[in-house]
1. Sorted by average packing, counted as other Cβ atoms within 10 angstrom per residue and highest first, what order do 14-24, 28-38, 54-64, 68-78 take?
2. Roughly what would the spin-label model give for A77 and E13, points 7 Å off Cα along C-beta, in nm?
Amino acid sequence: MPIYEYECSEHGEFEAQRPMRLSAEPGECPVCQGAARRLLSATRTRLLTRATSLARDRNEKSQHAPEVRQSAPPRPAQGLRKRPMQAGHGRPWMLGHG
């Protein structure tokens, strides 16, 4: 259901979520219940990447109902060092450079 912007002559602007079939009718001011004219506003399209949008939605959700974890995340292994790769002993699926 779309969100429309309205303006009450006494109480100013407000938003209301209404069915599209009621989009041409005046809105009802939430303060005085009087008729309010609909404002012409820009369409709200997604301008964010999917990852940013999902992160924002997750943050909004956790504001009121945080996710509870049952265990701590795994700790990284301690004391392990990476061995340098020796020439000629690369990964078998990689092509060597000549």
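1. 28-38, 14-24, 54-64, 68-78
2. 5.7
All of the numbers you see were taken from the coordinates with simple rules; none came from a lab. This is a predicted model, so every value here is computed, not measured. Cβ atoms come from the backbone with ideal geometry, glycine included; neighbour counts cover every protein chain shown.
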